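Accompanying notes for the structure given below.
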Amino acid sequence: MNRLAKLVSIVGFLGLPLAASGADLNLNPTFGQNGTFSSSVCDIDPMTTAPSCAAHANIEDTVMFTVAFASAGIENAGASASITPDATGMFTTFEWMLKNPSNVVVASGSGFGNNNQMPTNIPVGPGGDYTYVVHYIFANMNADSVRWSINVTTGPPTRVPEPATLALLAVGLIGAGFARRRSR
């Protein structure tokens, strides 16, 4: 076996991507990798690519970004926001949804918090990019800079005992109960 074929088989065995994905975030749940996608709503600094913050205006947008998972695992997400200076505007709407590679919505969230996703612990895996769709309306009073972030956390898949294992455990506990009762 030549060196390239060995490398391909090792990479495939470890579940590592062979090439860089076109996704905005590339995470490996086996290693508990986390990532953050941030977007600017507006900024008064002309050197940024964000639109200008117009005072006393609503800013509405829908933003999409993708995540590729290198291995099977679970996913959770939460959102955060930064408004500078404080109390110069507010998000009147902040909603997001997660779509699997088949474009089916598997989770959603609204507002801001460490983990405001429903449902939690979504099973994810390789085989296509997952897409987050974020929709917001920001009521700007006089903000200089506004940003939001989606924080994606991952972990290894949760293990669920097989029914036979649970049945064996139940029989063992029942047997221990009878043995204790008999010894009295």
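The values are calculated or read from the model by the stated rules, or taken from the named source; none is laboratory data. This is a predicted model, so every value here is computed, not measured. Please note that ligands, DNA and RNA were not included when accessible areas were found on the heavy atoms of the full protein model with its side chains. Shrake-Rupley method; radii C 1.70, N 1.55, O 1.52, S 1.80 Å.
Worth a mention:
- Kirkwood Rh, Cα atoms: Rg over Rh of segment 49-184: 1.28
- Accessible surface calculations at 1.4 Å, restricted to protein heavy atoms, place segment 63-184 at 56 Å² per residue.
- Segment 33-98 versus segment 109-150: alpha-carbon centroid distance in Å: 7
- Segment ARG180-VAL63, extension gain: residue separation times 0.36 nm, minus the distance between their alpha carbons: 35.8 nm
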